[in-house]
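Undergrad: My structure is below; once you've seen it, I'll send some questions.
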């Protein structure tokens, strides 16, 4: 039997990149997946691709995770559609880079609201259901930037560092109900965003990665599936960097 047969997995920011690969891999191992992204076209396209490989495994939900009321309503719909949620993967994230001196307060708010408050909103929507579910897991996608900081990304770094603190606090709150909560801190992963980097920037980044290469979305998906599996039932409150050695 597949590892996640009959399990229900919610993945935010699943329209492309890391989130899409995580959703696809859960479907490949038998899960039913709620595919969430802000754009209806994006999440519907992602769900269609997943269903093309693994029929009737994915359902799309267009949702801005920063909107508390919308998340609660969509959460009710997901529970009505699937009956339960076993795994929640908070992957939705945005950037609005710029030096703090020039950063608009709207750029700060947009990043914090999506990357940090978005995780709060989804946990609020599903935690009661998850406390009654089998093998419940919450996996938050942080970043090495939340561990290291980065010039021009004070808002992003703050949101991801906050997500790490949120994960550890949540792990303590929910441990009594056997809900394991962990964070993954990806390094530089090959996605649409990293594909836009110029050669000089790429070389500068690679110089600080001991393995001298960018990671793949598969690397993050492999770790997410491990943390969601029974093999990780004694791991909670941890931040695991998947970064080619950047933060060691």
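Undergrad: Could you tell me which numbered condition residue 168 fails, if it satisfies all but one of (1) in contact with a helix residue (DSSP H, G or I) (Cβ under 8 Å, 6 or more places away or on another chain); (2) over 27 Å from residue 29 (Cα atoms); (3) in contact (Cβ under 8 Å) with a residue 40 or more places away in the chain?
TA: (1)
Undergrad: So residue 43 clears everything in (1) outside any loop (DSSP other than H, G, I, E, B); (2) more than 17 Å from residue 22 (Cβ to Cβ); (3) within 18 Å of the chain's Cα centre (by Cα) except one condition, right? Which one?
TA: Condition not satisfied by residue 43: (2).
Undergrad: Let me ask another. Take the range 80-110 and flag every residue that is within 26 Å of residue 174 (Cβ to Cβ) and either at pLDDT below 95 or surrounded by 22 or more Cβ atoms within 10 Å (Cβ to Cβ) (or both). Step through it out loud before you land on a result.
TA: Step one: of the range 80-110, the residues within 26 Å of residue 174 (Cβ to Cβ) are 80-93.
Within the range 80-110, 85, 86, 87, 88, 89, 90, 91, 92, 93 qualify.
Undergrad: Which one of 151, 175, 133 is over 23 Å from residue 110 (Cβ atoms), more than 19 Å from the chain's Cα centre (by Cα), in contact (Cβ under 8 Å) with a residue 24 or more places away in the chain and not in a helix (DSSP H, G or I)?
TA: Every option except 133 fails the conditions.
Undergrad: In the list 77, 5, 72, which residue meets the criterion of being surrounded by fewer than 17 Cβ atoms within 10 Å (Cβ to Cβ), touching a residue at least 12 places away in the same chain (Cβ under 8 Å), assigned to a helix (DSSP H, G or I) and more than 19 Å from the chain's Cα centre (by Cα)?
TA: Within the list 77, 5, 72, the selection yields 77.
The values are calculated or read from the model by the stated rules, or taken from the named source; none is laboratory data. None of these values were measured; they are calculated from a predicted model. Positions of Cβ are backbone-derived with ideal geometry, glycine not excepted, and every protein chain shown enters the neighbour counts.
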